[in-house]
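Asks: First, the structure itself, so that you have it in front of you.
Computed from the coordinates by the stated procedures, all read-outs in this text should not be read as laboratory data. From a predicted model like this one, the values you see are computed outputs, not experimental measurements. Cβ atoms come from the backbone with ideal geometry, glycine included; neighbour counts cover every protein chain shown.
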Amino acid sequence: MRQLLTILLAVQAAAAPPSSLEVLEVRPSFYVITGAGANIGVQLGEDGVVVVDAGSFAAAPDVLAAIRRLSPKPIRYVIDTGPDADHVGGNEPLAKAGEKLFGGSFLGGGTPNAVDLLAPVLSAEGVLRHMKSSPTGGWPTEVFHYSRKAMYLNGEAIEVLHQPAAHTDSDVFAFFRRSDVVVAGDVLDTRQFPVIDVDRGGSIQGEIAALNRLAELAVPSVPVVTREAGTIVVPGHGHLCDQYDVIDYRDMVTIVRDRVRDLMKAGRSIAEVKAAQPAKGYMGRYGNAGGAWTTDRFIEAVYRSLAKEKP
Ligand SMILES: [Zn+2]
């Protein structure tokens with residue numbers, strides 16, 4: 001898949017947009033925009049534009065310009081995969097640049113409601129709750145609290161699948177069934193160990209359950225492995241993945257979880273667990289000594305979520 005990405009990057013470089021964003025055509029009507037905070041998925045068609053993750057607030061003008069170059073049609077939906085600022089920061093500018101499909105008031109000939117002049121922002125219910133605790137606007141306008149929200153737009157089924165208690169309590173996957181692309185949000189971050197936000201309802205068990213679900217949704221390029229086809233999985237951050245990448249990541253996270261659990265069963269304290277380096281073997285690829293998400297913070301989050309399970 002990385003080889004494919006390199007080719008895509010080379011092809012796209014010829015028509016590079018005048019900003020730091022990269023725009024990759026991953027399927028005939030599906031694009032991924034990188035460099036705007038989180039990875040952004042863009043589905044195009046007759047109905048308009050469906051955007052998965054809005055990117056950061058600062059990047060929104062460039063993201064909008066990039067989308068305009070892909071399609072003259074309005075943005076019809078913004079789907080948030082989670083509550084973090086680099087995913088929801090652009091909600092408001094993107095929704096304002098869009099327009100609700102079949103805004104009800106127009107049909108009745110009345111004055112349009114303000115909300116009909118915006119594209120809906122769809123998320124799991126928890127995203128709204130987390131955003132309201134630090135109000136900056138751009139809140140989701142359409143939330144759901146069940147496991148699956150389905151839509152049919154631009155000639156394909158779109159399933160928005162809630163993953164309870166993974167990175168947070170309000171992560172979703174957006175699965176575009178005909179394009180065969182899953183936008184996975186922060187459950188998958190190929191740059192580092194997954195961010196488990198225990199304070200916002202995340203847990204290591206839910207993270208592994210979500211990665212298992214993602215591996216089930218994706219189909220690998222078999223039996224013709226040389227085609228580099230198969231389901232494309234777009235992580236919250238990092239390079240595009242296929243099913244094998246998801247399985248590798250899931251196995252890595254599971255191994256670290258098992259090591260931490262064994263140490264806890266042996267009565268080790270959090271300091272002793274960290275000192276035992278349960279992420280050994282993966283620190284070179286996924287570890288961070290500094291920055292926002294260090295290896296120590298990951299181990300602490302695993303420890304805290306396992307400690308919660310004890311009777
Ligand atoms: Zn993120």
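Asks: Using θ = phi - 60° and the Karplus curve 6.51 cos²θ - 1.76 cosθ + 1.60, what whole-Hz ³J(HN,Hα) does each residue of the stretch 70-78 get, with Gly and Pro shown as x?
Replies: Using θ = phi - 60°, the values come out as 8, 7, x, 7, x, 5, 9, 8, 10 Hz.
Asks: Something else now. When a/c reaches 1.5 or more, the comparison of a/b and b/c decides; with that in mind, is the stretch 188-311 rounded, prolate or oblate per its Cα gyration tensor?
Replies: prolate
Asks: Rank these for me by crowding, TYR303, TYR282, going from fewest to most other beta carbons within 10 Å.
Replies: TYR282, TYR303
Asks: Over the Cα atoms of the chain, how large are the radius of gyration and the largest Cα-Cα distance (Dmax), in Å?
Replies: That works out to 19.9, 70 Å for Rg and Dmax.
Asks: Something else about it: Just to be sure I understand: of the beta bridges DSSP finds with both ends in the chain, what percent are antiparallel, rounded to 5?
Replies: Expressed as a percentage, antiparallel bridges in the chain total about 70.
Asks: Now for a separate question. Listed here are the pairs LYS132/LYS280; LYS96/LYS149; LYS149/LYS280; LYS149/LYS265; LYS100/LYS308; LYS280/LYS308; which of them are more than 31 Å apart at the Cα?
Replies: Going by Cα-Cα distance, LYS132/LYS280; LYS149/LYS280; LYS149/LYS265; LYS100/LYS308 fall outside the 31 Å limit.
Asks: Which of rounded, prolate, oblate describes the stretch 197-236, given a ≥ b ≥ c as roots of the alpha-carbon gyration tensor eigenvalues and a/c under 1.5 marking rounded, otherwise prolate only if a/b is larger than b/c?
Replies: The shape class here is prolate.
Asks: If you don't mind, another one. Per residue and in cubic angstrom, what volume does the convex hull of the Cα atoms of the stretch 242-290 have?
Replies: Dividing the Cα hull volume of the stretch 242-290 by its residue count gives 75 Å³.
Asks: Mean separation of Cα pairs under 8 Å and 6+ residues apart, divided by the residue count of the stretch 42-84: what relative contact order is that in percent?
Replies: Once divided by the residue count of the stretch 42-84, the mean separation gives 51 percent.
Asks: Here's another thing I want to ask about it. Would you kindly state how much longer the chain becomes between ARG304 and TYR244 on full extension, computed as 0.36 nm times their sequence separation minus their alpha carbon distance, in nm to one decimal?
Replies: Full-extension gain reported as 18.7 nm.
Asks: Right, another one. By how many nm would the segment from GLU46 to GLU142 lengthen if fully extended, with 0.36 nm per residue of separation less the alpha-carbon distance?
Replies: 32.3 nm
Asks: Which of the peptides 226-234, 168-176 is most tightly packed, and how do the rest follow, going by the mean number of other Cβ atoms within 10 Å of each residue?
Replies: 168-176, 226-234
Asks: Still on this structure, I have one more. Expressed as an acute angle from 0 to 90° and rounded to the nearest 10, what is the orientation of the C-alpha long axis of helix 243-265 relative to the principal long axis of the chain?
Replies: That works out to roughly 40 degrees.
Asks: Just to be sure I understand the model, the point goes 7 Å from the Cα along the line to the Cβ. What's the resulting ALA276 to ARG177 distance in nm?
Replies: 4.5 nm
Asks: Along its principal axes, what span do the Cα atoms of the stretch 266-307 show, with the longest given first and each in whole Å?
Replies: Cα spread of the stretch 266-307 along its principal axes, largest to smallest: 28, 20, 14 Å.
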